[in-house]
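The values are calculated or read from the model by the stated rules, or taken from the named source; none is laboratory data. Note that the structure is predicted; figures quoted are calculated from it, not measured. So basically every Cβ, Gly included, is an ideal-geometry build from the backbone, and we count neighbours across all protein chains shown.
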Amino acid sequence: MALKAVRGTFLDFIDDPWKHVGNEEAAVRFQLDGLLVIEDGIIVDFGPYDEVAPKHPDVEVTEIADRIILPGFIDGHIHLPQTRVLGAYGEQLLPWLQKWVFPEEHRYAERDYAEEGTKHFFDNLLASGTTTAQTFTTGNLTCNEVFFEEASRRNMRMIGGLTGIDRHVPEYFANTPEQFYEDSKTLIEKWHGQGRNLYALTPRFGFGASNELLAACQKLKTEHPDLWINTHISENPAEIHGVLALHDDCHDYLGVYEKFDLVGPKFTGGHGVWLSNDEFRRLSDKGAAVAFCPSSNLYLGSGLFRLGKALDPEHRVLLSIGTDMGGGNRFSLLNSLEDAYKVGMLQNTILDGSIVPSDQDLAESERNKLSSLRAFYLLTRGGAESLYIDDKVGTFDIGKEADFVALDWTQGPPAAPWHASLLLEKAGDVLNLQTVTDLLFGVMMVADERAVDQTWVMGELAYQKA
């Protein structure tokens, strides 16, 4: 593959903005006129155009003007076979699963149906600027084969695996622990580490997992220690009560996974709405992560995630943002950021409503505030760090895979260009870091996938807005 380059306005992160309260810009790398040089899908040079271009005099340059270019978005928690139930009447988690989700996911045992649904899934990801996702599939081999085949065809960095469930589920849908183990072995040997595919052991949730199924996960993790663990945790009060009744030797939800040595680096628990302070501390101590799924938590009425508590610097938990589509009612992570901002504001209403807020409350309140830089950090570098793939994606560092998205800040509601022009007007029509920061906040609060102009995967244009 010939050397190629992209010229435009770039923004990525060299650090965590929450570590730079009052000076978040210190965590940012901003190139008003930058050049990203790519060879065989890998970034080989990056920096100001005037400095980088002379080193590559013969390179073919694609110019992306009037856009903000960020690393590709990372979805930490999403369900491939729920694509068609997107927008189904929510109710609460457990009845919603029984009524809508399990019957639809079962249809992915049919190859033709799985292929059609999976194509729509990936098309929607790319149209939303998402280049990497940690994905739930089903407990059927066919669905998983189709998922990895399509991910390979599109050359996307994806994490997924056979979804295990053998309790509180229709009989036609359940795995047995033995079947789960054997089918997982088949998929691991065929797909893990092949191309950009990564495999996650995926017990669906503690409410649906017997001790025997979790023991099968433990055995597989022992045999393949480099695998990921992807599951749900503490999403809904009724679910939590059911989990503790099924696993009555555990005093909290996290203890169910700890009992089988599943909690550590590369472990992600989706949601975590009702995690206790002690569970947050244990997740932090073990290098495990939580996927914050605000759109889903609001849509299904699950509750408000304690973002500020998860980000306590004394017990910091790794975080990604998840759409949780179709529990979340959008593919767009931009919409998830909008909802995350609102969740943080509501949490602060609770904290600030204390008669005498403590210093700890005030500090947590500050961490709940989701500026645009904090938000897009979670979609890029922060998400990559939480999934332990930050050596591969998440920034424009040399050696990383060239996945990126070009955002058009004028797209969204009909008057979006007029709204955006105010920010540029106040800045004297100068596009600098402060202006871009303000524009990105507007994108996350009033735009959606309409703001995604282009999505690039391994240095190739994978999506162009019509």
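One line per residue, one yes/no per condition, for (1) assigned to a loop (DSSP other than H, G, I, E, B); (2) under 23 Å from the mean Cα position of the chain (by Cα); (3) modelled with pLDDT under 95:
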| residue | (1), (2), (3) |
| --- | --- |
| SER152 | no, yes, no |
| ILE159 | no, yes, no |
| HIS168 | yes, no, yes |
| ASN175 | yes, no, yes |
| GLN179 | no, no, no |
| GLU182 | no, no, no |
Selection from the range 287-326 of residues at positive phi and in contact (Cβ under 8 Å) with a residue 60 or more places away in the chain yields GLY301, GLY303, ASP324
Go through the range 247-275 residue by residue and tally those that are more than 23 Å from SER296 (Cβ to Cβ) and either surrounded by 16 or more Cβ atoms within 10 Å (Cβ to Cβ) or in contact with a Cys (Cβ under 8 Å, 6 or more places away or on another chain) (or both). 7
Condition met for ASP278 (of a type in the set (Asp, Glu), buried (at least 24 other Cβ atoms within 10 Å of the Cβ) and modelled with pLDDT of 95 or more): no
Quick check on this structure: which one of GLU145, GLU150, GLU178 is among the charged types (D, E, K, R), surrounded by fewer than 17 Cβ atoms within 10 Å (Cβ to Cβ) and free of Cβ contacts under 8 Å to residues at least 60 places away in the same chain? GLU178
Residue among ASP261, ASP249 that is over 20 Å from VAL290 (Cβ atoms) and part of a loop (DSSP other than H, G, I, E, B): ASP249
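The rows are residues; the columns are (1) in contact (Cβ under 8 Å) with a residue 40 or more places away in the chain; (2) more than 19 Å from SER320 (Cβ to Cβ); (3) of a type outside the set (Ser, Thr, Tyr).
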position	(1), (2), (3)
THR395	yes, no, no
GLY399	yes, yes, yes
GLN411	yes, yes, yes
PRO414	no, yes, yes
GLU425	no, yes, yes
THR437	yes, yes, no
LEU440	yes, no, yes
GLN454	yes, yes, yes
Checked the range 438-457 for anything among the hydrophobic types (A, V, I, L, M, F, W, C), more than 15 Å from SER295 (Cβ to Cβ) and assigned to a helix (DSSP H, G or I); matches are LEU439, LEU440, PHE441, VAL443, VAL446, ALA451
Within the range 338-396, of all residues that are aromatic (Phe, Trp, Tyr) and assigned to a helix (DSSP H, G or I), the one nearest to ASP438 (Cα to Cα) is PHE376
Can you find, within the range 181-227, the residue that is nearest to LEU387 (Cα to Cα) among those that are of a type in the set (Phe, Trp, Tyr) and surrounded by fewer than 24 Cβ atoms within 10 Å (Cβ to Cβ)? TRP191
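Conditions (1) more than 23 Å from THR132 (Cβ to Cβ); (2) modelled with pLDDT of 95 or more; (3) hydrophobic (A, V, I, L, M, F, W, C); (4) crowded, with 22+ Cβ neighbours inside 10 Å, marked per residue:
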{"residue": "ARG7", "(1), (2), (3), (4)": "yes, yes, no, no"}
{"residue": "GLY41", "(1), (2), (3), (4)": "no, yes, no, no"}
{"residue": "VAL44", "(1), (2), (3), (4)": "no, yes, yes, no"}
{"residue": "VAL52", "(1), (2), (3), (4)": "yes, yes, yes, no"}
{"residue": "ARG67", "(1), (2), (3), (4)": "no, yes, no, no"}
Looking at (1) free of Cβ contacts under 8 Å to residues at least 60 places away in the same chain; (2) in contact with a Leu (Cβ under 7 Å, 6 or more places away or on another chain); (3) surrounded by fewer than 16 Cβ atoms within 10 Å (Cβ to Cβ), which is the only condition ALA238 fails? (1)
Limited to the range 220-246, what total is found for residues that are assigned to a helix (DSSP H, G or I), touching a His at 6+ places or on another chain (Cβ under 9 Å) and among the small types (Gly, Ala, Ser)? 1
Can you work out which of the residues in the range 302-348 that are closer than 17 Å to PHE136 by Cα and of a type in the set (A, V, I, L, M) is farthest from the chain's Cα centre (by Cα)? MET325
Tell me which of these PRO417 doesn't satisfy, since it passes every other one: (1) buried (at least 20 other Cβ atoms within 10 Å of the Cβ); (2) part of a helix (DSSP H, G or I). (1)
Just one of the numbered conditions (1) within 16 Å of LEU201 (Cβ to Cβ); (2) part of a strand (DSSP E or B) is not true of ALA133; which one? (1)
With respect to PHE102, is the statement that it is modelled with pLDDT under 95 and either of a type outside the set (D, E, K, R) or surrounded by 17 or more Cβ atoms within 10 Å (Cβ to Cβ) (or both) true? yes
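For (1) in contact with a strand residue (DSSP E or B) (Cβ under 9 Å, 6 or more places away or on another chain); (2) outside the structural domain of ILE42 (by TED's automatic domain parsing); (3) surrounded by 16 or more Cβ atoms within 10 Å (Cβ to Cβ), each residue gets a yes or a no:
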position: SER372; (1), (2), (3): no, yes, yes
position: PHE376; (1), (2), (3): yes, yes, yes
position: THR380; (1), (2), (3): yes, yes, yes
position: ALA402; (1), (2), (3): yes, no, yes
position: ALA406; (1), (2), (3): yes, no, yes
position: TRP409; (1), (2), (3): yes, no, yes
position: LYS426; (1), (2), (3): no, no, no
Which condition from (1) part of a loop (DSSP other than H, G, I, E, B); (2) farther than 30 Å from ASP123 by Cβ is the one that PHE305 breaks? (2)
